[in-house]
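See below for the structure under consideration.
The values are calculated or read from the model by the stated rules, or taken from the named source; none is laboratory data. Predicted model only: the values in this text are computed from it and were never measured. Every residue, glycine among them, receives a Cβ derived from its backbone with ideal geometry; neighbour counts consider all protein chains shown.
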Amino acid sequence: MRQGQGRRRAGVAKGVGPSSRLLSALGYEDRALLAPHLAAVQFVRGSMLFDAGDDVVSTHFPCDGTMVSLVVALPDGALAETATVGREGAIGGIVSMGHKPAFARAVVQIGGPALRIDTARLEELKMQSPSLRDTISRYANCLIAQILQSVACNVMHSLEPRFCRWLLMAQDRSGGSLVPLTQEFLAEMLGVQRTTVTAVAASLQARNLIAYARGRITIVDRAGLEAVACGCHDAVVRHFECVLPGVYPLFGGAPA
Ligand SMILES: [Zn+2]
């Protein structure tokens, strides 16, 4: 991703019945505690929720097919993705537990609905409810696990398995066969040239694992992609299932 992409601030609009799997995992009392403080918003692709150094005053729960990436700006201006967050999670003040400057930039990769709460209010409510505090803490654990796995993956695994892993993560979040991400964007997220991604995508298409047209990728054979992907996706999913059972939106269902 180029420096400067995603400089627009997230647009705010009314949403209709958005669904967060993380919020749905809460008990009735915790959902009732949060409900008066949640505002429905609509994320626009490419918009930025916060940048590194910003005070994180809002926490967002992506809903439905919305996907947000946490990216770190490097000294040479390049951006590196560190984690993706969809309807299984939340973004903003989760690990830091409150109103502290952001270390990474949060950019919307797949637009859609989300629910927003003031981070300070969320912290107050967590103090009132040990079970709410526990669920958010469990998600923070899963988010860190995802980041740790990504570090290992980026160091140890070659591009094609990483590419497949990324497509599986994106499909889990989008919830459909069509993954609305361009090859240019994937190249930025994977830290390689677009021509390199094009070559890998062509190879996967030749094996009938994916199809791409007009800048969009369709996953044709999920099982085939899983066979080519490294084990990093599976490792993160299994950790989610252990720590927050049923919350990760694995496309096609729970792991065996
Ligand atoms: Zn890997």
What about Y212, is it among the hydroxyl-bearing types (S, T, Y) and either within 16 Å of the ligand (Cβ to nearest atom) or modelled with pLDDT of 95 or more (or both)?
no
For S69, all conditions in the list (1) surrounded by fewer than 21 Cβ atoms within 10 Å (Cβ to Cβ); (2) modelled with pLDDT under 95; (3) small (G, A, S) hold save one; what is the number of the exception?
(1)
Report every pair of residues separated by at least 6 positions or lying on different chains whose Cβ atoms are under 9 Å apart, first residue within the range 154-168 and of a type in the set (S, T, Y), second outside any helix (DSSP H, G or I) and within 9 Å of the ligand (Cβ to nearest atom).
S158/C230
Candidates V155, V243, V179, V236, filtered to the one that is of a type in the set (A, V, I, L, M), within 14 Å of the ligand (Cβ to nearest atom) and within 27 Å of H60 (Cα to Cα):
V236
Hey, any hits in the range 194-206 for a residue that's surrounded by 16 or more Cβ atoms within 10 Å (Cβ to Cβ) and not in a helix (DSSP H, G or I)?
no
Scan the range 173-200 residue by residue and report those that are over 20 Å from G111 (Cβ atoms), of a type in the set (A, V, I, L, M, F, W, C) and touching a Leu at 6+ places or on another chain (Cβ under 8 Å).
L190, V192, V197, V200
If you scan the range 158-176, which residues turn out to be more than 10 Å from the ligand (Cβ to nearest atom) and outside any helix (DSSP H, G or I)?
G175, G176
